[in-house]
Every structure is written in C-alpha cells, then in structure tokens.
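Worksheet for the structure shown next.
Taken together, the values in this text are just the output of simple stated rules run on the coordinates, not laboratory data. In this text, all values refer to a predicted model and were calculated from it rather than measured experimentally. All Cβ positions, even for glycine, are placed from backbone atoms using ideal geometry, and neighbour counts span all protein chains on display.
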Amino acid sequence: MLDYTDYQMFRDDTFKLNETTFDLEPALNEIVELFEKEAKQKLLNLQTTLSPTIPNQICSDRQRIQQMMFTFISTAIDSTNYGTINISVAFNTESEQL
C-alpha cells in the first residue's frame, strides 16, 4: 500500500507516522464518497460496516489510513464487475488494533 518513496523510507528506518487522534468513521466516509460516482457508473454498490467495538476516537495516522482505504477501494472497483463491495472495519480487542 505504500508508494516507492514510502517503501524506501521504511527500509531506511526514516519512515514516520503522523499520529493524531481522530474519528475513523468520517475519515472512511470521505474516501468512500470519492468513489461513489465511479461505483454507480459500474452499477456497483459500496457498503461500509464499522464494528461497534471500534472506539469513537483512535490514535493513528489519518492520512495513511485514508491512503490505504483509497487503494483498497480503488482496487476493488477495478476488479469487480457487478454486485456489492463491502468495506468492513473491526477492532481486534485482543491486540487492540484495527
């Protein structure tokens, strides 16, 4: 999910996350909205599901999460010809990770 520059920074141990506290649902919805028109043109239905175990606020790199979601949704639309694309996000309570 990282571009080449990010990969090089990760390899060189200079990759930094910009951690902030934010609400995940609006951040995800912003990305989904970018793809709604394209999905409708292909007669696809985009559906998002957020687990109730997700905290209201999370501490992470909002831009990186949105970048990954952008890539996941873009790939899903490109490789799906019909039906529904379900974007599901859950919180692993054992490891406390998304």
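Here are a few things to note about the model shown:
- Estimated distance in nm for a label pair at Thr84 and Thr48, the labels positioned 7 Å out from Cα along Cα-to-Cβ: 1.6
- Cα gyration tensor shape of the range 17-89, rounded if a/c is under 1.5, else prolate or oblate by comparing a/b with b/c: prolate
- Label point distance in nm, Glu38-Gln63, each placed 7 Å from Cα along Cα→Cβ: 2.1
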